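The values are calculated or read from the model by the stated rules, or taken from the named source; none is laboratory data. Being a predicted model, the structure only gives us computed values, none of them experimental. Heads up, the Cβs are rebuilt from the backbone with ideal geometry, glycines too, and the neighbour counts pull from every protein chain shown. All accessible areas refer to the heavy atoms of the entire protein, side chains included, with ligands and DNA or RNA removed. Shrake-Rupley method; radii C 1.70, N 1.55, O 1.52, S 1.80 Å.
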Amino acid sequence: MLKVLIPTIMLFPTIWLTSPKWLWTTTTAHSLLIALTSLTWLKWTSETGWTSANTYLATDPLSTPLLVLTCWLLPLMILASQNHINPGPISRQRTYIMLLTSLQTFLIMAFGATEIIMFYIMFEATLIPTLIIITRWGNQTERLNAGAYFLFYTLAGSLPLLVALLLLQQSAGTLSMLVLQYSQPLQLNPWGHTIWWAGCLIAFLVKMPLYGVHLWLPKAHVEAPVAGSMVLAAVLLKLGGYGMMRMMVMLDPLSKELAYPFIILALWGIIMTGSICLRQTDLKSLIAYSSVGHMGLVAGGILIQTPWGFSGAIILMIAHGLASSALFCLANTTYERTHSRTMVLARGLQVIFPLTAVWWFTANLANLALPPLPNLMGELMIITTLFSWSPWTILLTGLGTLITASYSLYMFLMSQRGPTPNHITGLQPFHTREHLLITLHLIPIILLVTKPELMWGWCY
């Protein structure tokens, strides 16, 4: 753990001491080295499943893929932000990169923590850099509103979790994930136990977000700068799924009855958010709503607690993190040229940027789950396991995949096809930086086709 965590912490002095001319180059190179180092976690040879440096930080097959995704994303965020942060004063650029790095530090400690209370503290700590990034570097004045929504939704959800964890600590005597799986379940009266169950999960369901408590997500995504959107879609939503998977192990036997309303909301959310996507005019908002739908599928897969559901959930989380982040980068490249997120204003871009149209096409196909890609593997495992739980779910999930395909097609046709309006024929060409950025998103997705057992989680 420390061979990645300490270089990440050493990025802070690097950021503040580098000469202004080399700031972006140095930080990108440094974070890319950290990302490559993090790939060594994928060996996973131990028998208990946990590979630990000490009793507080450890990796296991569930957290390793998410940790590697976190480390992989930092150089990409720095690459993506280069263009629109560069004009500002140098100290502001340094602060921005420092916030992104602190976010990675918190996330590594959240995914690597073995104590649930440490996971909780880091889960809350990621709120602060994200909030600053959204409310300081967002594009419009509405960013303050978006930041308030983001903060209060997440906080209102996660304060009951703290109480639930303290209650668990008092009853079980420990909060270490290594020990808790062997401890006795809580002995509470039925009503209190129900509330405790809800308290343990609602924080993560708000973070995921579950349909119904998802309103902060489109706002936050639309207002955030590109790095904020990328890290929000790729890793912060996955914190919710990861926390749910960790807590579900302890929440038996109640989950069998109590999970019903949440599964219903998740499945209904797939259809509802998909239909909302079909009517969107705003590009970033469309991608944000599509992530709500995908995360609904993940929530359904986790809540029914089958090995297939868990595996499918983690595969879909990793694959969606890469695909969704790539889509946000592409949306941002269009935004930096046309200065508008409205899809109607920038259409027919395939004629001007042919290679970018290929990137759009590939990222869209990844998002709608094209057969060899891991997105399909995750979705199919979850749909299958939901079908064996109750055959009626196939109506909702099948309709959901259909709607996903149609809004992806709508997004691609709207932005890339059709006549090119006269006002966008003079756009500046794409930079190598942007092509590299999208390539680095899509290569891991394509490589995971060849070795998917890296992200099958516990049940491999």
For the range 260-459, the Cα-Cα pair-distance distribution in 10 Å bins from 0, as whole percents, is 9, 36, 32, 17, 6, 0
In nm, give the distance between the simple-model label positions of LEU159 and TYR56, each being 7 Å from the Cα along the Cα-to-Cβ direction. 2.8 nm
Quick one: go through the range 3-18 and flag any residue whose amide nitrogen is under 19 Å from the point 7 Å out along the Cα-to-Cβ line of THR40. 3-11
Modelling each spin label as a point 7 Å along the Cα-to-Cβ direction, I'd like the SER388/ILE195 distance in nm, to one decimal. 3.8 nm
³J(HN,Hα), Karplus 6.51/-1.76/1.60, whole Hz, each residue of the range 185-193, x for Gly, Pro: x, 4, 10, 10, 6, x, 5, x, 5
I need the phi-derived Karplus couplings for the range 16-30: 6.51 cos²θ - 1.76 cosθ + 1.60, θ = phi - 60°, integer Hz, Gly and Pro marked x. 7, 10, 5, 5, x, 5, 9, 4, 5, 4, 4, 5, 4, 5, 4
Kindly write out, for the range 154-170 in residue order, the coupling ³J(HN,Hα) from the Karplus curve 6.51 cos²θ - 1.76 cosθ + 1.60 (θ = phi - 60°), rounded to whole Hz, with x marking Gly and Pro. 5, 5, 4, x, 9, 5, x, 4, 4, 4, 4, 5, 5, 5, 5, 4, 5
For a label point 7 Å along the Cα-to-beta-carbon line of ILE264, residues of the range 299-316 with backbone N under 20 Å: 299-305
Might you work out the accessible area of HIS423 for me, using a 1.4 Å probe with all protein chains in place, and round it to the nearest 10 Å²? 120 Å²
For labels at VAL179 and SER19 in the simple 7 Å Cα→Cβ model, what's the distance in nm? 5.4 nm
FRET efficiency for LYS256 and THR141 from the Cβ-Cβ distance with R0 = 45 Å, rounded to 0.05, comes out at 0.40
Express in whole angstrom the spacing between the alpha-carbon centres of the range 70-146 and the range 392-441. 26 Å
Which one, PRO225, ILE318, SER390, projects farthest toward the positive side of the charge dipole computed for the chain from Cβ point charges (K/R +1, D/E -1)? PRO225
Express the accessible area of the range 307-431 per residue in Å², computed with a 1.4 Å probe while the remaining protein chains stay in the model. 40 Å²
Assuming R0 = 60 Å, can you tell me the calculated FRET efficiency for the pair ILE121 and ASN422, based on Cβ-Cβ distance, to the nearest 0.05? 0.65
Measure off, as a whole percent, the carbon and sulfur share of the 1.4 Å-probe accessible area of the chain, all protein chains present. 70 percent
Folded to 0 to 90 degrees: helix 393-416 orientation relative to the chain principal axis, Cα: 20 degrees
Taking the dipole about the Cα centre of the chain, with the C-beta of Lys and Arg at +1 and of Asp and Glu at -1, give me whichever of VAL206, THR25, LEU237 is farthest to the positive side. THR25
Viscosity 0.692 mPa s, temperature 37 °C: what is the translational diffusion coefficient of the chain from Stokes-Einstein with a Kirkwood Rh over Cα pairs, rounded to a whole number of µm²/s? 148 µm²/s
For the chain, which longest stretch is free of loop sites, where a loop site is one of the GluC sites (Glu not before Pro) that DSSP puts outside H, G, I, E and B and that has at most 16 other Cβ atoms within 10 Å? 143-460
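Given the pairs LYS43/LYS451; LYS43/LYS207; LYS238/LYS451, which are separated by over 23 angstrom at their Cα positions?
On the way: LYS43/LYS451 13 Å; LYS43/LYS207 30 Å; LYS238/LYS451 21 Å.
As for pairs spanning more than 23 Å Cα to Cα, those are LYS43/LYS207.
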